[in-house]
Amino acid sequence: MRCYVITGASRGLGLALVQQLAQAGHHLICLARHESEMLKVAGQTAASYRFIKQDLADTVAVTQLAEELFGSLAAMQWQGIYLINNAGMLAPIAKAGDYDDSALQQAVAVNLLAPIQLANALIRAFRGLACDKRVMNISSGAARKPYQGWSAYCTTKAGLDHYTRCVGAEQVGVSHGVHMVSIAPGVVDTDMQGLIRQASSEQFPLLEQFKQYQASGGLAKPEQVAQKLIAVLHSERCGFGDLLDIRDVA
């Protein structure tokens, strides 16, 4: 049996991942703030489906959830346990000095702290167990290139990349270690792209470039990207601390 824990599962890329994994007959645990109708429908085709309503900005609640969730999963017999840290938020779209601390704190909690909390709990709970253990962190090209107006997003995604590298260095020599990669999915046609197009050019100077991605058909379909991500997750490219870009590996 294979079990997948997916954050940000209710729409976009997360939903596409759920749909394909469910159709393949796997066990799914889906985290999001709201359970969409499309997510409910997708869950009906899975071997088992559990939805957990969780705001990942609530770090105290995430700590408790992560420990309880992976502790209970470790008591079961799995062929593989897989965590896909997909949830993320782009806001605040503003230059440094023009956003408040509350927006910054929420971005750090969702984009950086929650993935680390969940991965740490998985590593603790499954330490020494012989099943296949893999964590895929959904990163961004913005983690590796600066964008004006995205300082919070770029910084948190860069932090997630480096966390991945550190954990990879730790796990590579461990018996039954946890594979972990951080992968940029490219420019995907999701709600995040809609949010970008609503930004002001004053705060985000590359606004017209991102509008052109949509106009020219340059946005990748979530279903296509999800298929590639699942293939990478179960390939040798999912190693120990690798930083990947979907456009280079699939």
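Sort out which residues of the range 143-165 are open to solvent by 60 Å² or more (accessible area, probe 1.4 Å) and not in a loop (DSSP other than H, G, I, E, B), and write them in order of number. Break it down stepwise before answering.
So the first thing to find is which residues in the range 143-165 are open to solvent by 60 Å² or more (accessible area, probe 1.4 Å), and the list is 144-146, 148, 155, 162, 165.
Result: Thr155, His162, Arg165.
Identify, by number, the condition in (1) surrounded by fewer than 16 Cβ atoms within 10 Å (Cβ to Cβ); (2) touching a helix residue (DSSP H, G or I) at 6+ places or on another chain (Cβ under 7 Å) that Val232 doesn't meet.
(1)
Any idea how many residues of the range 172-196 are open to solvent by 20 Å² or more (accessible area, probe 1.4 Å) and either outside any loop (DSSP other than H, G, I, E, B) or in contact with an Asp or Glu (Cβ under 8 Å, 6 or more places away or on another chain) (or both)?
Quick first cut of the range 172-196, residues open to solvent by 20 Å² or more (accessible area, probe 1.4 Å) only: 172-176, 179, 186-187, 189-192, 195.
This time we only want the ones that are either outside any loop (DSSP other than H, G, I, E, B) or in contact with an Asp or Glu (Cβ under 8 Å, 6 or more places away or on another chain) (or both), so: 179, 186, 191-192, 195.
Matching residues across the range 172-196 total 5.
In the range 214-248, which residues are assigned to a helix (DSSP H, G or I), out of contact with any Asp or Glu (no Cβ under 8 Å at 6 or more places or on another chain), of a type outside the set (Lys, Arg) and in contact (Cβ under 8 Å) with a residue 60 or more places away in the chain? Even if it seems obvious, please write down each step before you answer.
In the first step, residues of the range 214-248 are kept if they are assigned to a helix (DSSP H, G or I); the result is 214-215, 222-233, 246-248.
Now narrow it down to the ones that are out of contact with any Asp or Glu (no Cβ under 8 Å at 6 or more places or on another chain): 215, 223-233, 246-248.
So of that shortlist, the ones also of a type outside the set (Lys, Arg) come out as 215, 223-227, 229-233, 246, 248.
Hits for the range 214-248 are Glu223, Val225, Ala226, Gln227, Leu229, Ile230, Val232, Leu233, Ile246.
Could you list, ordered by first residue, the pairs with Cβ atoms under 6 Å in which the first is in the range 159-181 and under 19 Å from Leu112 (Cβ atoms) and among the charged types (D, E, K, R) and the second is at pLDDT 95 or above and assigned to a helix (DSSP H, G or I), at least 6 apart or interchain?
Within 6 Å, the pairs are Asp161/Ala143.
Does at least one position in the range 204-213 carry a residue that is touching a residue at least 40 places away in the same chain (Cβ under 8 Å), closer than 24 Å to Leu73 by Cβ and part of a loop (DSSP other than H, G, I, E, B)?
To start, the set of residues in the range 204-213 that are touching a residue at least 40 places away in the same chain (Cβ under 8 Å) comprises 204-206.
Narrowing the set further to residues that are closer than 24 Å to Leu73 by Cβ leaves none.
No: the range 204-213 contains no residue that is touching a residue at least 40 places away in the same chain (Cβ under 8 Å), closer than 24 Å to Leu73 by Cβ and part of a loop (DSSP other than H, G, I, E, B).
Quick check on the range 3-44: of everything there that is assigned to a loop (DSSP other than H, G, I, E, B) and among the hydrophobic types (A, V, I, L, M, F, W, C), which residue is least open to solvent (accessible area, probe 1.4 Å)?
Initial filter on the range 3-44 (assigned to a loop (DSSP other than H, G, I, E, B)): 8-11, 24-26, 33-36, 44.
Filter again for among the hydrophobic types (A, V, I, L, M, F, W, C), leaving 9, 24.
Details: Ala9: 0, Ala24: 64 Å².
In this case the residue turns out to be Ala9.
The values are calculated or read from the model by the stated rules, or taken from the named source; none is laboratory data. Predicted model only: the values in this text are computed from it and were never measured. In this analysis, Cβ positions are derived from the backbone assuming ideal geometry, glycine residues included, and neighbour counts consider all displayed protein chains. Surface accessibility is based on the protein's heavy atoms, side chains included, excluding ligands, DNA and RNA. Shrake-Rupley method; radii C 1.70, N 1.55, O 1.52, S 1.80 Å.
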